[in-house]
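J.: Dumping the structure here so I can ask a few things about it.
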Amino acid sequence: MIAETVCSAVAAAGLGIAVVTAYRKRYLAATRIAAYALVPLGLVMAGVVDWLADTAFSPTAWAGFGVLGLSWVLFATTRTVERRRGGTRKERRAARQAAAPTAAAPGASAPALGEATPRGESPAPRRAPASQGDDDFSDIEAILKKHGI
């Protein structure tokens, strides 16, 4: 009963402030104030205030809110772990398959990936294959040398 009276008084005060604001020719602000002022009155008329008052003194309702909070914490934890691992199972499996070494090309003496180097070190420079007079591939060779391939 008291909550309904307080909400009605807040709505009336807000509508009074909206009228004064409109009198000062600030119609957009007055409309916004009136909208905010009508929210408590609407909550009272819809019965939300009674429901909240009944819920505030119910141990079962508080236990329900605790279960909802626990559920939210579990969801947040799983999302955090999923982000740190790099996505969902399907995404991790696809990344592993993409990172798996591929077979060497026919006629090649070593795999295309080359030798692994320790972290932070640059790969050893390779000798460029001797050019056999093919000027058409010189720019491609330059690009491959630039990338260490």
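Every number here is computed from the coordinates shown, using simple stated rules; none is lab data. Remember, predicted model here, so these are calculated numbers, not experimental data. Here the Cβ positions follow ideal geometry from the backbone for every residue, glycine too, while neighbour counts run over all protein chains shown.
J.: Between beta-carbons, use under 11 Å as the cut-off and find the net charge around residue 92, counting Lys and Arg +1, Asp and Glu -1.
T.: Computed value for this residue: +3.
J.: Arranged from highest to lowest average of other beta-carbon atoms within 10 Å per residue, in what order do the peptides 16-28, 62-74 appear?
T.: My ranking of the peptides, most packed first, is 16-28, 62-74.
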